[in-house]
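The values are calculated or read from the model by the stated rules, or taken from the named source; none is laboratory data. Since we're looking at a predicted model, the values are computed, not measured. Neighbour counts are summed over all protein chains in view; Cβ atoms, including those assigned to glycine, are modelled from backbone coordinates with ideal geometry. The protein model used for the area step is the full one, side chains on, heavy atoms only, and it has no ligands, DNA or RNA in it. Shrake-Rupley method; radii C 1.70, N 1.55, O 1.52, S 1.80 Å.
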Amino acid sequence: MTDMILHGFWRSSAAWRVRIVMGLKGLDRTDRTYRLRAGEQRSPDYLALNPQGLVPSLEVGGATLTQSLAICEYLDELYPEPPLLPADPIERAHVRAFSQAVACDIHPLQNLRVLRMLGQRGLDEDAASDWAREVIETGIEACSRLIAGRGGPYCFGDRITLADICLIPQLGNARRFGARIDFPRIEAVEAACNVLPAFAAALPARQPDAE
């Protein structure tokens with residue numbers, strides 16, 4: 001098995017997604033961590049690795065991969081068991097759409113970089129937190145509708161998919177901001193995922209750099 005180095009941060013929901021995937025597939029890794037509030041991800045050495053200055057990055061086989069969804073799909077292609085995307089093309093598109101709703105529409109609007117920009121433009125901490133809370137609540141409510149009526153314990157049935165892997169870290173972010181997440185289908189999926197060892201091991205509080 002190729003040695004892998006995961007560059008991340010204990011509370012980064014994007015890095016959290018990759019940790020879940022690596023746990024589900026039984027992959028070992030070496031962790032390298034960056035204190036985001038201290039700006040360590042903007043160091044010259046890390047920018048040489050990832051010009052965006054974002055986590056996670058995954059070093060594997062002499063290459064550096066960036067963007068959590070791209071990393072997750074790479075790992076799924078290389079280590080196909082258990083699969084993270086359905087075989088049916090329509091269902092696969094539904095799973096990707098849900099995953100992108102979280103990773104592209106909710107998470108970026110409430111991450112540290114955006115909140116800092118809001119502060120630089122005159123919003124105080126309470127106003128910025130209100131912004132994040134509203135973004136999360138409206139996004140999670142929409143996600144709940146995307147999976148309304150679906151059977152099975154997970155977002156899209158009886159198997160874990162990329163949708164669950166994106167949802168659970170976002171719920172962690174929601175709690176940090178006091179956002180409403182009491183949507184029955186969302187709560188049921190979270191409860192089902194939380195009992196799985198790969199999800200439990202990926203929790204931020206269980207990471208070596210947790211503060």
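Labels on offer are (i) 63, 42, 34; (ii) 45, 34, 32; (iii) 45, 44, 29, and the one holding Cα extents along the principal axes in Å computed from this structure is (iii).
Considering only protein heavy atoms, what is the solvent-accessible area of Glu81 at a probe of 1.4 Å, reported in Å² to the nearest 10? Around 130 Å² of this residue is reachable by solvent. When shorter helices are ignored and each DSSP H run of at least 4 residues is given -39500 (n - 2.57), the per-residue value for the chain at 222 nm works out to -15000 deg cm²/dmol. A simple count of charges around His7, restricted to other residues whose Cβ falls under 9 Å of its Cβ and scoring Lys, Arg +1 and Asp, Glu -1, yields -1.
Per-peptide packing, taken as the mean over residues of other Cβ atoms within 10 Å, places 154-166, 87-99 in the sequence 154-166, 87-99 from highest down. Computed with a 1.4 Å probe over protein heavy atoms only, the accessible surface of the chain comes to 50 Å² per residue. Protection proxy ranking of 14-25, 57-68, 110-121, by the mean of other Cβ atoms within 10 Å over each peptide's residues and highest first, is 14-25, 57-68, 110-121. For region 176-211 and region 67-84, what is the separation of their Cα centres, given in Å? After rounding, the separation between the Cα centres reads 20 Å.
Near Leu49, once Lys and Arg are set to +1 and Asp and Glu to -1 for all other residues with Cβ below 13 Å from its Cβ, the sum equals -1. Using the Karplus relation 6.51 cos²θ - 1.76 cosθ + 1.60 with θ = phi - 60°, the per-residue 3J(HN,Hα) values for region 42-50 come to 9, 5, x, 5, 6, 5, 5, 7, 9 Hz, with x marking Gly and Pro. Here region 164-211 exposes an accessible surface that is 58 percent carbon and sulfur, computed with a 1.4 Å probe and the other protein chains kept in place. Along the charge dipole of the chain, pointing to its positive end and built from +1/-1 on Cβ of Lys, Arg, Asp and Glu, which listed residue (Thr33, Pro83, Leu162) has its Cα farthest out? The one lying farthest along the dipole's positive direction is Thr33.
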